[in-house]
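The values are calculated or read from the model by the stated rules, or taken from the named source; none is laboratory data. Quick caveat: nothing in here was measured; it's all calculated off a predicted structure. Cβ coordinates were reconstructed from backbone atoms using ideal geometry, including for glycine residues, and neighbour counts include every protein chain displayed. When the accessible area is computed, the model is the full protein with side chains, heavy atoms only, and any ligands, DNA or RNA have been set aside. Shrake-Rupley method; radii C 1.70, N 1.55, O 1.52, S 1.80 Å.
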Amino acid sequence: VLDVPDWPGNLAGQHVDLRLTAEDGYQAVRSYSLASAGDGSAVELAVDRIDTGEVSPYLVDELLPGDQLELRGPLGGWFVWRPEISASAVQLIAGGSGIVPLLAMARAHASSDSSAAFRLLYSVRTPDDEFFASELDELARDPRLEVTRVHTRATREGAAQPAARLTRESLAAAVHPVAADPDVFVCGPTRFVEAVATWLVELGYPAERVRTERFGGL
Ligand SMILES: Cc1cc2nc3c(=O)[nH]c(=O)nc-3n(C[C@H](O)[C@H](O)[C@H](O)COP(=O)(O)OP(=O)(O)OC[C@H]3O[C@@H](n4cnc5c(N)ncnc54)[C@H](O)[C@@H]3O)c2cc1C
């Protein structure tokens, strides 16, 4: 959680560009979605540690309270959800750390009086890899949000479904049907987003209702 005194507030789904500068002047910039939305100077990020990465291991392992970072943002005006958007059904689909902007949307929805029916499909390797697991359980107590988890590598003992990657068929079974005419937000690693978006269009969801955010990687 970053304290940004002059933060202008942000919409759910937006991101920031974060710039790090080493002592020798070397700079690296990466984008991170905002888990927080609305007003206030507390800006929340959630960073997945990519072992071979340049920036994410530093943010996860080395950044300390009191360190200063350079932020640019909030950025992005397309991959956002606002309570006044009129769709009565909203489908969120996350792969791994792609949950971050979708959590911001679920939080914004929970604290609004929107009657939209939200569904979240969250694909992640194992239960231990879930970001915001207990908060999602908490949010799902609200009948306006339904959460479905897919564990791709290992799952809990006694789980109703064995660990398996999403397929077009298991996706279709978990999301709002085409007839519900949902706004769809898909976020995660590039390959995940491309596979899911392709399946959605094949299943008949209008492409212009499917918004995507690619985090990079495979
Ligand atoms: C709009 C936007 C929002 C993003 N939001 C988040 C967020 O909320 N949380 C978050 O953790 N990341 C997010 N990312 C990804 C983030 O910007 C970085 O790409 C990621 O942290 C890796 O940076 P790095 O410097 O550690 O790795 P790099 O040094 O850039 O890359 C090292 C290796 O990791 C691979 N790699 C890069 N990115 C990923 C990835 N996302 N998944 C798997 N492998 C990857 C590269 O292909 C390369 O082989 C977002 C990206 C975008 C474009």
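Give the residues of region 5-45 that are open to solvent by less than 20 Å² (accessible area, probe 1.4 Å), hydrophobic (A, V, I, L, M, F, W, C) and touching a residue at least 40 places away in the same chain (Cβ under 8 Å), sorted by residue number.
Selection gives A12, V16, L18, L34, A35, V43.
Only one of (1) assigned to a loop (DSSP other than H, G, I, E, B); (2) open to solvent by 40 Å² or more (accessible area, probe 1.4 Å) fails for A87. Which number is that?
Here A87 clears every test but (2).
Can you pull out every residue in region 153-184 that is open to solvent by 40 Å² or more (accessible area, probe 1.4 Å) and among the β-branched types (V, I, T)?
T155, T167, V178
Under 6 Å by Cβ, and 6 or more places apart or on different chains, what pairs join a residue from region 195-218 that is closer than 25 Å to V55 by Cβ with one that is in a loop (DSSP other than H, G, I, E, B) and modelled with pLDDT of 95 or more?
Here the result reads E213/F79; F215/P189; G217/P189, each pair linking region 195-218 to a residue that is in a loop (DSSP other than H, G, I, E, B) and modelled with pLDDT of 95 or more.
Exactly one condition in (1) within 22 Å of F131 (Cα to Cα); (2) in contact with a helix residue (DSSP H, G or I) (Cβ under 9 Å, 6 or more places away or on another chain) is not met by P83; state its number.
So P83 meets the others, but not (1).
Taking D67 as the residue in question, decide whether it is acidic (D, E), open to solvent by less than 50 Å² (accessible area, probe 1.4 Å) and not in a helix (DSSP H, G or I).
Considered against the rule, which asks whether it is acidic (D, E), open to solvent by less than 50 Å² (accessible area, probe 1.4 Å) and not in a helix (DSSP H, G or I), D67 comes out as no.
Out of all the residues in region 1-42, which are among the aliphatic types (A, V, I, L, M) and within 12 Å of the ligand (Cβ to nearest atom)?
Scanning region 1-42 gives V16, L18, L20, A28, V29, L34, A35.
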